[in-house]
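Contents: one structure, followed by commentary.
All of the numbers you see were taken from the coordinates with simple rules; none came from a lab. Only a predicted model underlies this, so the values are computations on that prediction, with no experimental measurement involved. Cβ placement follows ideal geometry from the backbone for every residue including glycine, while neighbour counts extend to all protein chains displayed.
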Amino acid sequence: MPRAYNFNAGPAGLPLPALERAQREMLDFEGTGMSILEHSHRGKAYEGVHDEAISLLRELLAIPDDYYVLFLQGGASQQFAQVPMNLLPAGKSADYLLTGGWSEKAYEEAGRVGTVRVAATTAKGKAYTRIPKQAEISLDPAAAYVHMTSNNTLFGTQWHWLPEAGSVPLVADMSSDFLWRKHDVSKYALIYAGAQKNIGPSGVTVVVARKDLVDGGRKDIPMIFRYSTHASQNSLYHTPPTFGIYLVRNVLAYTKEIGGLDEVERRNREKGALLYGAIDANPDFFRAPVDKDSRSYMNVVFRLPTEELEKRFVAEAAKLHMVGLAGHRSTGGVRASTYNAVSIEAVRALVDFMNDFARRA
Ligand SMILES: *Cc1c(COP(=O)(O)O)cnc(C)c1O
């Protein structure tokens, strides 16, 4: 079977060279006669991989020295709780910017830990079709932090600027657009991302966080949930998800090989231009529900004239090995997730199919 054109929202496609490297190294990792899966996390072989993954991430993103890079478990959903557990002390409140289903979840979970406040929401009924304007955001200057979701996976919106938060630490859930381009890490206090959208398999969560915040985090919580525990042990406090981190290493090494994040951004912008171009060129047939300046380069959401046509579109596309195009179960429609590993060739194939489908319908 040829490789599918994989438009899944997550877990998502991985770069073929990163998978082929894993295949080559599977039974005998670097002449050790063992797979990396079978190595101790305290041994030289695994530690080499672990440290390489961290240093590649530091290099690709130009992460400043006063930030920790952590590999944790529990997904982005655990971060919804872990962020306030560490950074939201009693007597303080945290601000949340609601722009989609995941930010609602983050807000609700934080509310189980401490005091939270909605600083902006763009909810329209159950849907979100845009990012707020700065003037719509009312921040509490005394907030412990302000939380944003940089890309809204379900609704296909993305922040293309950063909210002005003054001296309040900015925390971002970047699960679905981490490394889509070079982010200026120094603008954030803490970034977290589940790996399975853009940089690896499920089971690894990346946290990039300012050292002073981590070191000064709450100590009245269990050891395992303190960022400082993991930071002081280089994410080797307990057994990390070794195979997942190994695959993240492969993806990052490949990313560096193709020219780093500038090249990744160039490709992602070209993919977005192709898809939104096809939608805008045929407004009688395709409709993008998202405001133009809030459009996501990672999840391209669009509607067809009827739900019946949408079903047929997704089914016919699947016959051409284009998978994962059905919209989220709560929103319907069509969603093409075009994460870093989705090739320009795959997007061209999808655009050809869209044009052909519209002509026939
Ligand atoms: C997928 C996703 C999550 C949930 O990630 P899990 O790893 O499944 O917990 C959270 N936030 C965003 C923006 C996502 O895209």
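Couple of notes before you dig in:
- Here the spin labels are modelled as points 7 Å beyond Cα on the Cα-Cβ line, and at VAL323 and LEU309 they lie 2.8 nm apart.
- Extension gain, THR32 to ARG348: 0.36 nm times the residue separation minus the Cα-Cα distance gives 109.5 nm.
- Near ASP356, once Lys and Arg are set to +1 and Asp and Glu to -1 for all other residues with Cβ below 14 Å from its Cβ, the sum equals +3.
- Qualifying trypsin sites (Lys or Arg not before Pro) in segment 115-149, where qualification requires a DSSP coil assignment and no more than 16 other C-beta atoms within 10 Å, comprise LYS126, LYS133.
- Amide N proximity, segment 77-93 versus THR115 label position 7 Å along Cα-to-Cβ, cut-off under 11 Å: 89-93
- Contour excess over end-to-end distance, with Cα ends at ASP291 and ILE221 and 0.36 nm allotted per residue: 21.1 nm
- Counting every other Cβ atom within 10 Å of each residue's Cβ, VAL185, VAL347 order from fewest to most as VAL185, VAL347.
- Its relative contact order, with pairs defined as Cα atoms under 8 Å and 6+ residues apart, puts segment 32-177 at 20 percent.
- Mean separation of Cα pairs under 8 Å and 6 or more residues apart, divided by the residue count, gives segment 249-331 a relative contact order of 20 percent.
- Trypsin sites (Lys or Arg not before Pro) restricted to segment 239-337 and DSSP loop, no more than 16 other C-beta within 10 Å: ARG329
- When each of THR149, THR122, THR338 is scored by the number of other beta-carbon atoms lying within 10 Å, the sequence from fewest to most is THR122, THR338, THR149.
- Between segment 299-361 and segment 10-71, the alpha-carbon centres lie 33 Å apart.
- Note on the chain: antiparallel DSSP beta bridges, both residues inside, total approximately 55 percent of the bridges counted.
- Helix runs (DSSP H) in the chain reaching 27 Å along axis by Cα, Kyte-Doolittle at least 0.0: none
- Of the residues TYR254, THR121, GLY244, the one whose Cα sits farthest toward the positive end of the charge dipole of segment 16-257, with +1 on the Cβ of Lys and Arg and -1 on the Cβ of Asp and Glu, is THR121.
- Count Lys and Arg as plus one, Asp and Glu as minus one, and take only other residues whose Cβ is under 14 Å from that of THR149; the net charge is then -3.
- Separation in nanometres of the label points that stand 7 Å from Cα toward Cβ, at GLU25 and ARG360: 4.3
- 22 Å Cα-Cα threshold exceeded, pairs from LYS271/LYS292; LYS182/LYS256; LYS187/LYS271; LYS133/LYS292: LYS187/LYS271
- Our summary gives the chain a relative contact order of 23 percent, counting only alpha carbon pairs under 8 angstrom and 6 or more residues apart.
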